[in-house]
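Q: So that we are looking at the same thing, I have put the structure below in structure tokens.
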Amino acid sequence: MSSPEIAYGSTIPTKIDDLEYMYAAQNKSNRLTNINDYAYNPTGYEGGGQEIKYDVNGNMTEMPDKGISKIRYNHLNLPAQLKMQASIEDITIDSKYRADGVKLRKQNTTITSGYMGDMVNIKITDYLDGFQYLSSGNPPLPPGGGGSESLMANSESARAFERQAYSIEPVALTPMSLKNADLQFFPTAEGYYDYKKDQYIYQYKDHLGNTRISFGRNSAGALEITDANDYYPFGMNHLKSGNSFFGINSYKNYKFQGQELQETGWYSFKWRNYMPDVGRFFNIDPLAEKYPTWTPYAFSGNRVIDARELEGLEPMLINKTTKNLVIVNQGWVGNPPKGATQAQNFVKTNKEGGIDYTGIGILNNLNSLTTQVGIFASSTGEVTKNDILTSIQSFRKQSPNGKLIMVGHSMGADNEVELVKEHPEINVDLLFTLDIADDPRSGYDDDNIPPNVKTAINYYNKNDGFMHSSIGGEDIEVENSVKTKGINVPVSASHTEIDNKYKDHAYDSVKKELNKK
């Protein structure tokens, strides 16, 4: 793996990383044991080539190159305690979790060595459903000990161990009128509310959920950019931009794929922790047994341009800021196993099962802070339908009045029509289907649209079914024309190409529905 940077005042790129990965069992294992950096540049990956150690479950316990001397895990394979050393710092991080793996508290105890002695700094972060609190547990300084706050400002952890990537977040003065001095920020539909600065923060995110720009109005009412990020494909920030900030317990730490950047330099996903300078997780995939052909340490299946890391969460995990939900159910290419109905996970066992961006998978690009898109793989049984149903139920608990849109091709469309017929309590704003088809050996094409669907648009092959069979070629009929607006669009496109040829029609229809007031 090689990463370049452009030095100030120069157009010549400088190589910061030239990494060689060494694996156990003479490179036949998936367990990484050494990383050699032939760029000999501590920017990016620190280098060193020392041995990486693991516990019996496959979780990393020691990484001397990064100064990590010990990681102790709980029964969920989540890090309960971490110890690391770097230059003047001795860091211990203790974390507590709920029984379902949600992080509740993180305590950072850092001993910083200065010319006057050691300074102990304790920061306690509490996580409460998106609300983040920060308190200090600093002990009294010993006589003659302590030092300057500048020691912490100049430490490696103050910049998440990427000194050239991040500027230090300015410390905000706490107004006396604040009711809770520990509360730092909490999420809103468009970004965050900075409680310390009394400032609403709006964020622009790309198609992978990466935070690119955070902005708001300052005390004078002028628009200001508070944080800006550019990323290498595997998530490491570009260097020397001067516009990307890191701070203890700041909303600005939620960067790559919306995950929290830790003071250790890695991103904390729910079930695993990720090193963007290495491009790998360092603890085990909770669904590793379901995907024996994939390494349990790979990030996003090594598809970092078009896919997000979902960590095998089935069904969809609804984001707290989601107002609208778009369910996309692709055509059948094989039955996904239980626990892998989302296309990003089905591709791990079936190379044809990933997000099809040449077809209706393009709707994944509509992901935003308030609109969440789930791409599923259709199935002949109930597996996919059950996961879609659970996702919708979770969505409705959070956003009872938000828009629900469903798009499906072939058996994916048939799954969706069956689901809305079987569950009249599901109210669908738009159902967009392309050549509805079921398995002719076990069922029939569902083309009657129930009254819990407001608008149904159906594109179908007007010539005949798939390969002159009874598969596809169906128009739809609405059961109640007063409650449902039904639109049939006969087209000249085969069953297998109709989603590729008319994906833009589906995309535009969904976007139009989302923009309706």
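Q: Given R₀ = 35 Å, what would the calculated FRET efficiency be for Ile225 paired with Glu20, taking r from the Cβ atoms and rounding to 0.05? Mind showing how you got there, number by number?
A: Working: r = 38 Å, r/R0 = 1.09.
E(calc), rounded to 0.05, equals 0.35.
Q: What pairs from Lys252/Lys454; Lys83/Lys252; Lys270/Lys516; Lys53/Lys351; Lys96/Lys252 go past 29 Å between their alpha carbons?
A: Values: Lys252/Lys454 40 Å; Lys83/Lys252 24 Å; Lys270/Lys516 34 Å; Lys53/Lys351 32 Å; Lys96/Lys252 23 Å.
Pairs exceeding the cut-off: Lys252/Lys454; Lys270/Lys516; Lys53/Lys351.
Q: How much mean residue ellipticity at 222 nm does the chain get from its helices, if each DSSP H run of length 4 or more adds -39500 (n - 2.57) and you divide by all residues, to the nearest 500 deg cm²/dmol? The partial results should precede the final answer.
A: Values: 7 runs with 57 residues, N = 517.
Result for the chain, helices only: -3000 deg cm²/dmol.
Q: Could you name the aspartates and glutamates whose alpha carbon sits less than 15 Å from that of Lys483, not counting residues in the same chain fewer than 8 places away?
A: Cα-Cα hits under 15 Å: Glu425, Asp429.
Q: Could you tell me how far the Cα centroid of region 16-61 sits from the Cα centroid of region 182-244, in Å?
A: Spelled out, the Cα-based centre of one part sits 32 Å from the other.
Q: Ranked by Cβ crowding within 10 angstrom, fewest neighbours first, how are His495, His409 ordered?
A: Values: His495 23, His409 34.
Least to most surrounded, the residues fall as His495, His409.
Q: Assuming R0 = 56 Å, what is the FRET efficiency of Lys421 and Val56, from their Cβ-Cβ distance, to the nearest 0.05? Don't skip to the answer; put the middle values down first.
A: On the way: r = 49 Å, r/R0 = 0.88.
According to the calculation, E is roughly 0.70.
Q: What is the list of residues in region 392-426 whose amide nitrogen lies under 11 Å from a point 7 angstrom out from the Cα of Lys485, following Cα to Cβ?
A: Nothing falls inside the zone, counting backbone N under 11 Å.
Q: Another question about this same structure. Starting from the Cα of Lys15, draw a straight line to each of the lysines and keep only those under 19 Å, dropping any in the same chain fewer than 8 residues away.
A: Lys240
Q: Here are some values of percent of Cα pairs over 38 Å apart: [x] 35; [y] 24; [z] 38. Which one was computed from this structure?
A: Among [x] 35; [y] 24; [z] 38, the one calculated here is [x].
Q: When Leu183, Leu369, Leu363 are ordered from fewest to most other Cβ atoms inside 10 Å of their Cβ, what list results? All intermediate terms of the calculation are to be shown ahead of the outcome.
A: On the way: Leu183 17, Leu369 21, Leu363 24.
Least crowded to most crowded, the residues run Leu183, Leu369, Leu363.
Q: Could you please rank Thr390, Thr371, placing first whichever residue has the fewest other Cβ atoms within 10 Å of its Cβ?
A: Values: Thr390 13, Thr371 20.
Ordered by Cβ neighbours within 10 Å, fewest first: Thr390, Thr371.
None of the figures in this text is laboratory data; all of them are computed from the coordinates on show. Since the structure is predicted, the reported quantities are computational estimates derived from the model, not experimental observations. Every residue, glycine as well, gets a Cβ built from its backbone with ideal geometry; the counts of neighbours run over all protein chains shown.
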